[in-house]
Amino acid sequence: MMRSDNLKEAAASGAAASASLPPLIRARGIAKSFSGNAVLQSVDLDLHAGEVVGLLGENGAGKSTLMHILSGGLQPDAGTVEMDGAPVRFGSVADGIEAGVSFVHQELSVVGALSVAENLHLGRMSRSRTGLVDFKLMEEASRALLERVGAGHIEPRREAATLRAGEQQLVEIAKAAARKPRLLILDEPTSSLTPHEVGGFFSYVREARASGVAIIFITHRLEEAMALCDRVVVLRNGAIVSERRPAETSRQQLITDMTGKPAIYEHRPRTASDTMALSLKGVSGDRLLSGIDLDVRMGEIFGLFGLVGAGRTELLDLIHGVHRPTAGTISLFGERLSLSDPSEAVRAGIALVPEGRKTAGILPQHSVRDNAAISSLRRFSRGIFSDRGGDPRRMASYRQSLGIRMATDTQEISTLSGGNQQKVIFARALMAEPRLLLLDEPTHGVDVGAKADLYDIVTREAEKGLTVVIASSEVPEILALCDRVAVLSKGRLAGILDRVAMTEDTILTMAFKEH
Amino acid sequence: EAPEGGSVAAVENTKGPVRIAFLSFQNNPFWTPVTEGAKAANDYLTKFDATVDFVDLGDELSAEAVVAGIEGALAKKYDGIVVVPIFDGTARIINEATDEGVPVFNIVAEGATESKRLAFIGQDAISAGQQIGEYIAKKMDGKGKLGVITGYFGATQHTQRMNGAVDYLKAKFPDIQIVGPFENKDKAESAYSLVQDMMTANPDLSMVYVTAGGPFGAAKAVKDLNLTGKVGVVGFDHTPDNMQYLKTGEMVGLLDQAPYQQALDSSVMLYNYIVAGQEPPAKVIPVTGKLLTPDDAK
Amino acid sequence: MQTGVAYIRSLGRYREASVLAMLAAVALYLSFASDYFLEPRNLLNVGRQASVVAIVALGQALVIIARGIDLSVGSVIGLSAVVAAVLMRDTGSETIGLMAGLLTGLACGLVNGVLYTRFRINPFIATLGTLSIARGIALLMTGGIPVPFGGLAEFVGAGRIFDVPVSFLLMIVLAIVVHVFASRTVMGREIYAIGDNPKASRLAGVNLRAIRLIVFALCGLLAGLGGLILAGNLASADPNLGMGYELDVIAAVILGGTALSGGRGSILGVVIGALLMALLNNAFVLLGISAYWQVVTKGLVIIFAVGLDGLQRRGDDD
Amino acid sequence: MQTGVAYIRSLGRYREASVLAMLAAVALYLSFASDYFLEPRNLLNVGRQASVVAIVALGQALVIIARGIDLSVGSVIGLSAVVAAVLMRDTGSETIGLMAGLLTGLACGLVNGVLYTRFRINPFIATLGTLSIARGIALLMTGGIPVPFGGLAEFVGAGRIFDVPVSFLLMIVLAIVVHVFASRTVMGREIYAIGDNPKASRLAGVNLRAIRLIVFALCGLLAGLGGLILAGNLASADPNLGMGYELDVIAAVILGGTALSGGRGSILGVVIGALLMALLNNAFVLLGISAYWQVVTKGLVIIFAVGLDGLQRRGDDD
Ligand SMILES: Nc1ncnc2c1ncn2[C@@H]1O[C@H](COP(=O)(O)OP(=O)(O)OP(=O)(O)O)[C@@H](O)[C@H]1O
Ligand SMILES: Nc1ncnc2c1ncn2[C@@H]1O[C@H](COP(=O)(O)OP(=O)(O)OP(=O)(O)O)[C@@H](O)[C@H]1O
Ligand SMILES: [Mg+2]
Ligand SMILES: [Mg+2]
């Protein structure tokens, strides 16, 4: 009784409580390196029950690595972890779970073959008296769990593979919540959530905090960190460089902490050329899209905005030749395109940074260098032979311009941090030197600093004449980059806004028009 | 009178139409004369209002295939069955058929377990092995090294043919040293490699005995090693590829099982039993194989 | 009418539907082409002929769903039968023999499982190794000579209850048990989970090693049982029994709609796959198709059975 | 010294290292245990004996790296040989015969590829189907009777140049060509990519269908060549030639460190895998290992060869 009162107090005023009670987690001197490459230098971190700590840092700063260590997935090279004042050592994830540490991973890891309810109970399914799985009980429990994280609309019986990324994300959060954790680690949980879903998720986090759970929240969206966290910790180069309270700091300050310099991207007005680069007339797809008319001029950065499932990905797929349009025509620089495969698109000068890094982006067993080269093998080949010798040089230049953080370009891409993987996929598309660059949620998981860099690069390329079509769910991204934006709603074109008409309000209103 | 190539004549049919199922495999030239014998029996017995339906059990020899085949024939209500049972483990279904009043005639090879079949006509694998063993001893002058290649370890017929020869030689000719056995899984290419390696390790090898499939591969190896006349191969069956090496001299002995006659005679005897209750002359009708030597090939 | 069509369409979502359709088509054709096909006796024969492949395939299906593969089942069939027969002969006790046979299967499965989970040997290679070793041991134990085998095993392998083959009944019972196991028990669901996403399952606290081990053990056990049935049917335990069975068994599993890449598959489908193959062999005997055409036909039917499904799913993956 | 150890350790990173170590160990043992082993003639024999498996395995490796599998290679060996021999006999032209044999292999590969890419049939099932169909056609063409086969094919299969078997030389050349193809050409790199993540590769501009088709076609072509060599060696084209080869070939590929799940694998490893298996058979004869122990030993060596690697990689995956 006494104890739980204390917890509530701690929740109310984290700092005051920290003096009187040992923190839930006290990490000291945590160091970790991979094959001689130091990722964490000497990290000290305290976490108290009932507080939400934001963990910020550039891609590859070591956030996920630190969390793996706290949860038992990785062993530190040096340093100690204490829980409730007593030293602990988690040999495995199972040990961590046992001790009350739940971890929602950055990379989605639902089991597609199982139902939502089964996913939520994986590893601890309930049995009925017959000894068989009690599906009914599980489904009921699942409904409550999903409701709690604001995902009550997901039917527990659905096969998890059929869920959208955002829904899968929510299922994983619900799964972590179901374990009644004492420490809940959320590694970029909001990256594929809609604003509405983010709202539901926030209220869950607040509720959990009130019940005395310690929460670590990793994100690249600074607004979210400022809104949700009691304390924001910034990790840079494997060490903690600052600890601030959101009320006492600013966005710019955090960015400076993370990157060492303020990251600024200013929209640079351009005069678009008169040449028509891409034009769609009455294009329909076999899923949702119908009758899309668009004209994009050379050198233009053209946005595609819409709510989840509005058909942005489908539209980019049609342009890229992943599927054939069921009606309408697509032309590139005046030439009518009739693509039956993305390979033809790449040959015609179209490159795509796809949505879903893990499923559609990376070649997990390949090196960074090979991953970057795959789209441009034919460009740089001599006869049938591939120019392997030139790969390191090309890689080096993109590594530099995109600021890709890694030990060497021969390491497997799956050992890179999520944001850096995304940059490699970006490098792949640019290396193909396309005329038309299609970007589908391209800055998913990319840190603010790098985002600004990527925007700079896209803008620079556009100034040189590259035409860019970018599908994004982030209005700020659209506002920062695009010369014009087309808003899709339920597979139809709701309207096109130019720079002058573009505001958060107009875009969102248009997107909701038919809803 | 008896049909050409056969030794038994059919009796008059007083019973009405008779249907006989002839169950056999088909995967290498050995089966060709068996098939032809069955066809000849059908042609011959048509005059007596009887048919012999050839039923292929496929190209993979196994007891399960035989059992499934007999089950199928029983379902199709044949009056009698000629079958190549080969394996131990076919006795039960043969007994079942006999108990249902469908007589079964075994040919070519049968398992060791006694069954209620009407009769068996074929070569006893152990004595065939011994017959070859005697020939080998003669060719080797009772001394030297003999390489042994068997089809499948554990295949009864192959093992019996092997042991028939090897046990005889061990008992009678202790100066003959046995190299092996090695398994070639009925493959000629494997026999080829085995002979190559045997010659490496035993340059003084003078004879190779192949108990089952692929003896011509061994012969080809002898030829390619330029050992024709120094090393001889003995094996089974007068198939065209074997015969060719008998002519050129790498193959020095081939034992035949008279498969055509087995197929024909068994069908007629079964017919006689069905229409007239005429029992075959014996429960086991041995076929003494004809041992062909290079002289016969010329 | 509308709903009927919709219902049939909805069936198409199940991968086993296309094989079931093929099974029905072959059966329909046979019922016209042969007067004997529809006789209960013949249908029951088909059931019996499918039973061993189906029983072993049940275990194999679990292994494949868990993203493994077991090539050793054929040899395990032979070894279990031989061990049972030899012990029965030497001890005179049927119980000891049969138990030993089943335990042998289990032991082989455990060895496979340990090689995979402890020594981290790719299951393809590990079971290829045990394929050879188990067969070698069976040969060594018997000197290559089949051992007579009778009693209860013969009843199970060849006996009938009210004209229904015991092995067919056993197959039905086991199929139901394994189906319930796979779809309704915690471990069953975890098998699907580890096949679909081993890493995520491990992170969720599923004991990967234990489940893999158990799955291989079960597969070995069922192969052992298959060996006893097969040898019982033949009343003889041949060390070469079951040789080459692995391909038939795996084919039945995959025909039944189980993905070789793990995580998906139905136990019902496995039985359908095994029945289709047995039906084909039955058709060959009933229709008297020549051996060479049998081989061709078999290939065509396998391709068609799955091709229907593939065409429907056009543009689905990748 | 330090660097030496480090170098050996760094070798351990390659999956084929463990099989190479096993190969070296067996060879070392043999060179003490048998006076004949190190004779050039014997070593060359081993090379020849490995050559057909290795050549066919080169194609199979490409297929497996691209995340496919080709079970039909054994039958394609038989069919190609038969087509070549029959046409050679009937037209009297060696060129026509040999070309036809190679084209048959290519055609079989293309059929497999089309079944996979166009009809979306799982390659395991598709090639299981063509396994049966190709064998059936070979049997139908010949009535089951081997056809004599000589001339150039016999030279390639059984001939020697300066004592070195032609088929061994051919294997070396082809291994180098395929190695260069796989590691240095655009298409080779794309094969690895599609095996690693087909969807990502497709979006990145790799023509999935075309590459899969070509990979199966190449595998068919190499199997066809293997058939000509094998039949040439025996101077006879048997419709049953190559039966069961698929397992040997796939084993060689996987022993050589190629992952069955695609995306990874070395051509060099394939040759090592094939050599290890040929060496084992050679060892049995040279050492005169008793019959049934041969079978057991083979299994043990296979497991050890890969087990070394697995132990070292402990805790690596999942
Ligand atoms: N298994 C591994 N082998 C080698 N390097 C690794 C491994 N895992 C992580 N790294 C490296 O450690 C560094 C930190 O990675 P981590 O995933 O912790 O970054 P992060 O802060 O989570 O970044 P992001 O915001 O992009 O997710 C990266 O440079 C990454 O390449
Ligand atoms: N594989 C698929 N099969 C059938 N329908 C699909 C498939 N993938 C997507 N859809 C549907 O197509 C529609 C358009 O989806 P699309 O992915 O293009 O939307 P989006 O605007 O990119 O949204 P988001 O990427 O945020 O989910 C949606 O209704 C979606 O449910
Ligand atoms: Mg991270
Ligand atoms: Mg999208």
### Query
Residues of the range B:183-210 being over 17 Å from residue D:284 (Cβ atoms), crowded, with 22+ Cβ neighbours inside 10 Å, at pLDDT below 90 and more than 7 Å from chain D (Cβ to nearest Cβ), which ones?
B:186
### Query
From the residues in the range A:426-448 that are within 15 Å of the chain's Cα centre (by Cα) and part of a helix (DSSP H, G or I), which one is farthest from ligand 4 (Cβ to nearest atom)?
A:448
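Does the range A:321-331 contain at least one residue that is more than 16 Å from ligand 3 (Cβ to nearest atom), under 24 Å from residue A:271 (Cβ atoms) and touching a strand residue (DSSP E or B) at 6+ places or on another chain (Cβ under 6 Å)? So that I can check it myself, show each step before the final result.
Residues of the range A:321-331 that are more than 16 Å from ligand 3 (Cβ to nearest atom), as a first pass: A:321-331.
Adding the requirement that they be under 24 Å from residue A:271 (Cβ atoms) leaves A:331.
When the remaining residues are screened for being touching a strand residue (DSSP E or B) at 6+ places or on another chain (Cβ under 6 Å), the result is A:331.
Yes, there is a match, as at least one residue in the range A:321-331 is more than 16 Å from ligand 3 (Cβ to nearest atom), under 24 Å from residue A:271 (Cβ atoms) and touching a strand residue (DSSP E or B) at 6+ places or on another chain (Cβ under 6 Å).
Out of A:147, A:159, A:188, which single residue is away from ligand 1 (no atom under 16 Å from the Cβ) and away from chain C (no Cβ under 14 Å)?
Details: A:159 fails: away from chain C (no Cβ under 14 Å); A:188 fails: away from ligand 1 (no atom under 16 Å from the Cβ).
One residue alone meets the criteria, A:147.
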### Message
When you check residue A:408 against the structure, is it hydroxyl-bearing (Ser, Thr, Tyr) and either within 16 Å of ligand 4 (Cβ to nearest atom) or at pLDDT below 90 (or both), yes or no?
### Response
yes
### Query
Consider residue A:189 against the criteria (1) surrounded by 15 or more Cβ atoms within 10 Å (Cβ to Cβ); (2) part of a helix (DSSP H, G or I); (3) not acidic (Asp, Glu): it satisfies all of them except one. Which criterion is unmet?
(2)
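Regarding residue A:423, is this residue buried (at least 18 other Cβ atoms within 10 Å of the Cβ), in a helix (DSSP H, G or I), within 16 Å of ligand 3 (Cβ to nearest atom) and not assigned by TED's automatic domain parsing to the domain that holds residue A:375? Don't jump to the end; show me each part of the working.
On the way: buried (at least 18 other Cβ atoms within 10 Å of the Cβ): yes; in a helix (DSSP H, G or I): yes; within 16 Å of ligand 3 (Cβ to nearest atom): yes; not assigned by TED's automatic domain parsing to the domain that holds residue A:375: no.
Against the criterion (buried (at least 18 other Cβ atoms within 10 Å of the Cβ), in a helix (DSSP H, G or I), within 16 Å of ligand 3 (Cβ to nearest atom) and not assigned by TED's automatic domain parsing to the domain that holds residue A:375), residue A:423 does not qualify.
A quick yes/no check of all residues on (1) closer than 30 Å to residue D:83 by Cα; (2) basic (Lys, Arg):
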| site | (1), (2) |
| --- | --- |
| D:186 | no, no |
| D:189 | no, yes |
| D:199 | no, yes |
| D:205 | no, no |
| D:212 | yes, yes |
| D:216 | yes, no |
| D:226 | yes, no |
| D:229 | yes, no |
| D:239 | yes, no |
#### Entry: Check on residue A:254, touching a residue at least 24 places away in the same chain (Cβ under 8 Å), within 16 Å of ligand 3 (Cβ to nearest atom) and under 30 Å from residue A:34 (Cβ atoms)
no
### Qualifying residue in the range A:451-470 (condition: crowded, with 22+ Cβ neighbours inside 10 Å, within 16 Å of ligand 4 (Cβ to nearest atom) and assigned to a strand (DSSP E or B))
yes
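From the list C:225, C:213, which one is over 29 Å from residue C:47 (Cβ atoms), among the aliphatic types (A, V, I, L, M) and more than 7 Å from every other protein chain (Cβ to nearest Cβ)? Steps first, answer last, please.
Working: C:225 fails: over 29 Å from residue C:47 (Cβ atoms).
Result: C:213 is the single residue among C:225, C:213 that is over 29 Å from residue C:47 (Cβ atoms), among the aliphatic types (A, V, I, L, M) and more than 7 Å from every other protein chain (Cβ to nearest Cβ).
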### Task
Report yes if some residue within the range B:161-176 is within 10 Å of chain D (Cβ to nearest Cβ) and modelled with pLDDT of 85 or more; otherwise report no.
yes
## Note on the structure
Exactly one of B:89, B:80 is touching a Pro at 6+ places or on another chain (Cβ under 9 Å) and either more than 14 Å from residue B:274 (Cβ to Cβ) or within 10 Å of chain C (Cβ to nearest Cβ) (or both), and that one is B:89
### Query
Counting just the residues of the range A:304-321 that are within 16 Å of ligand 4 (Cβ to nearest atom) and over 23 Å from the mean Cα position of the chain (by Cα), which one comes out farthest from residue A:276 (Cα to Cα)?
A:318
### Query
Among the residues of the range C:192-209, how many are more than 7 Å from chain A (Cβ to nearest Cβ) and among the aliphatic types (A, V, I, L, M)?
2
### Message
Being away from ligand 1 (no atom under 16 Å from the Cβ) and within 14 Å of chain D (Cβ to nearest Cβ): is that true of residue A:460 here?
### Response
no
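If I ask for residues that are outside any helix (DSSP H, G or I) and within 16 Å of ligand 2 (Cβ to nearest atom), which ones from the range A:342-372 would you list? Show your work before the answer.
Applying the first criterion (outside any helix (DSSP H, G or I)) to the range A:342-372 yields A:348-356, A:362-367.
The answer is A:352, A:353, A:354, A:355, A:356.
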### Task
Name, by its number, the condition in (1) touching a Phe, Trp or Tyr at 6+ places or on another chain (Cβ under 9 Å); (2) under 20 Å from residue C:156 (Cβ atoms); (3) surrounded by fewer than 22 Cβ atoms within 10 Å (Cβ to Cβ) that does not hold for residue B:66.
(3)
### Query
Looking at residue D:103, is it of a type outside the set (S, T, N, Q), part of a helix (DSSP H, G or I) and surrounded by fewer than 24 Cβ atoms within 10 Å (Cβ to Cβ)?
yes
### Message
Can you list residue pairs whose Cβ atoms sit under 8 Å apart, with the first residue in the range A:306-318 being among the acidic types (Asp, Glu) and the second being more than 9 Å from ligand 4 (Cβ to nearest atom)? Count only pairs 6 or more apart in sequence or on different chains.
### Response
A:314/A:285; A:314/A:287; A:314/A:288; A:314/A:289; A:314/A:323; A:314/A:491; A:317/A:285; A:317/A:323
### Task
Considering every residue within the range D:108-126, establish whether at least one is of a type in the set (D, E, K, R), buried (at least 20 other Cβ atoms within 10 Å of the Cβ) and in a loop (DSSP other than H, G, I, E, B).
yes
#### Entry: Hits in the range A:112-125 (condition: part of a loop (DSSP other than H, G, I, E, B) and at pLDDT 90 or above)
A:114
### Query
Out of C:149, C:119, which single residue is more than 21 Å from residue C:85 (Cβ to Cβ) and either of a type in the set (Phe, Trp, Tyr) or more than 20 Å from the chain's Cα centre (by Cα) (or both)?
C:119
### Query
Inside the range D:244-263, can you point out the residues that are in contact with a Phe, Trp or Tyr (Cβ under 6 Å, 6 or more places away or on another chain) and in a helix (DSSP H, G or I)?
D:254
### Message
Of the conditions (1) aliphatic (A, V, I, L, M); (2) within 16 Å of ligand 4 (Cβ to nearest atom); (3) not in a helix (DSSP H, G or I), residue A:339 satisfies every one except a single condition; which number is it?
### Response
(2)
## Note on the structure
Given the conditions (1) of a type outside the set (D, E, K, R); (2) buried (at least 16 other Cβ atoms within 10 Å of the Cβ); (3) within 16 Å of ligand 2 (Cβ to nearest atom), every one holds for residue A:279 apart from (3)
### Odd one out for residue A:513 among (1) away from chain D (no Cβ under 14 Å); (2) basic (Lys, Arg); (3) away from ligand 3 (no atom under 16 Å from the Cβ); (4) crowded, with 16+ Cβ neighbours inside 10 Å
(4)
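The values are calculated or read from the model by the stated rules, or taken from the named source; none is laboratory data. It should be emphasised that the depicted structure is a prediction, and the values quoted were computed from it without experimental measurement. Here Cβ is always computed from backbone atoms with ideal geometry, including for glycine, and neighbour counts include all displayed protein chains.
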